[in-house]
1. For region 22-226, with all protein chains present and a 1.4 Å probe, just round the carbon and sulfur fraction of the accessible area to a whole percent.
2. Below 8 Å between Cα atoms, with a sequence gap of 6+, how large is the relative contact order for region 22-226 in percent?
3. In what sequence, largest accessible area first, do Y13, Y112, Y226, Y310 appear using a 1.4 Å probe?
4. How big is the accessible area of S393 in square angstrom, nearest 10, if you roll a 1.4 angstrom probe over the protein chains?
5. How much length, in nm to one decimal, is gained on full extension between D216 and E295, taken as 0.36 nm per residue of separation minus their Cα-Cα distance?
6. What spacing in nm lies between the two simple spin-label points modelled at Y13 and N141, each 7 Å away from Cα in the Cβ direction?
7. Could you pull out every one of the lysines with an alpha carbon less than 26 Å from that of K276, ignoring same-chain neighbours closer than 8 positions?
8. When N is the residue count of region 22-226, what does its C-alpha Rg come to as a fraction of 2.2 N^0.38 Å?
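The values are calculated or read from the model by the stated rules, or taken from the named source; none is laboratory data. Computed from a predicted structure; not experimentally measured. Note that we place each Cβ from the backbone using ideal geometry, even for glycine, and neighbour counts take in every protein chain shown. We work out accessible area using only protein heavy atoms, side chains counted, and drop any ligands, DNA or RNA first. Shrake-Rupley method; radii C 1.70, N 1.55, O 1.52, S 1.80 Å.
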Amino acid sequence: MEKFIIDGGEKLYGSVEIQSAKNAVLPLLAASVLTDEQVIIRAIPRISDVENMLRILCELGCEIAREGDAAIIDSKNAVSHEIPAVLTKEIRSSIFMLGSILTRFHRAKISYPGGCDIGLRPIDLHLSGLKKLGVEIVEENGYIECSAEKLSGAEVVLDFPSVGATENIILAAVKARGRTVIRNAAKEPEIVDLQNFLNAMGAKVYGAGSANVVIDGVERLHGVEYVPMGDRIEAGTFLIAAAACGGEIETQGVLEENIAALLHKLRENGCKIYAKNDKIVLQSDGRLKSVPIFETSPFPGFPTDMQAQYSALSCVARGTTLVIENLFETRFKYAGELKRMGADILVHGKTAIIRGVERLHGASVTACDLRGGAALVVAGLVADGQTAVLDLSHIDRGYGDFESKLRLLGAKIRRVKI
Ligand code: UD1
């Protein structure tokens, strides 16, 4: 077991290189079994979700080599269509494997997925979409067994623009017979990255980033070498930390348009922000005024994955903020921990009222999920005195070299063994 020890109160200065997006790389890895030629994904982030996804690929019989920061996936000898329960429990995005394993083997067996403990996270939209493409699904003893002799293109209308369901249906449709149209598709930039990756393999996917995605099935896909997009949530977390602590930082590798909703709020808080190409510069004097309200919604709205970190910032802004979490039911678990640091937060169902306080103080707090854990780090950086953040396994799922990057910006944070 490890924990972070943070001595708060330092302003942050400098430039930080953003990792490849976790939520882009995971579906790309799932897609790598769609060809039996070599797939090279460069700039693989050093996070445990990616390591677990690579373990799943190994279980299927893929050969994985690492060369510098690249992963080289060779799935020509992949034989298994079954993902062991122990791995699906570790990582929810194993659910994306359903679409790509079906395309590859015409059957798939997978146990109900795990991942962040932030709510019910149903998969009904994934399953009903796959059924439309001709997949037969049996759910038994905690397992989902799918078979599809022939996958056929179809029109799939999603009741809600689910990111995972959109990606899964794309993965099942790329080699299906005929055309698939996904309506009310999720518009997240990571879906555009998946489209670019698949098209570089010879697929015909159009419209990602809009509400209608069209996939024309092709006979075969070939190998590819690819650099994934930058992680907008990691960039947002650093920008929030600098806004709260004060200072001036630059993030490299994420486009302004991909985190426009957050930047809009940070400007309302009183930060100065300049963006050019893939660089974003934020200046803050650390004396923020609160925004009256923010609510999470699918892209291009305010991301649920930034709600916890931005709420931590709101705890030290002047005024009151109403937070509405529309995506996941239990995404306020960090609030109890922030209260231990002196925050004034009242949670009721999917809403929270945050009254900004002058100062937070250091305390021993425990990360309950990935983004909630990052919120505790933000709070620790801004608090008076020393904060210990326990249970780093959650944070390590999504932030590679988190403490080294923060230290380069001037933060006093170290990882210690318990
Ligand atoms: C992805 C991201 C996650 C992010 C989320 C929302 C990855 C690996 N993870 O998760 O970091 O927080 O998007 O931006 O990319 N829903 C259903 N039925 C379904 C599927 C989803 O009701 O079959 C609901 C969920 O309960 C939730 C909403 O749809 O309320 C959005 O979920 P979804 O977009 O599917 O999130 P994920 O793909 O799981």
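1. Answer for region 22-226: carbon and sulfur cover 46 percent of the accessible area.
2. Averaging sequence separation for qualifying contacts and normalising by length gives 20 percent for region 22-226.
3. Y13, Y112, Y226, Y310
4. 70 Å²
5. Working: separation 79, 0.36 × 79 = 28.44 nm, distance 3.59 nm.
Full-extension gain reported as 24.9 nm.
6. Between Y13 and N141, the label points sit 6.3 nm apart.
7. Excluding near neighbours in sequence, the set is K11, K22, K187, K265, K289, K405.
8. Compared with the compact-globule rule of thumb, region 22-226 sits at 0.91.
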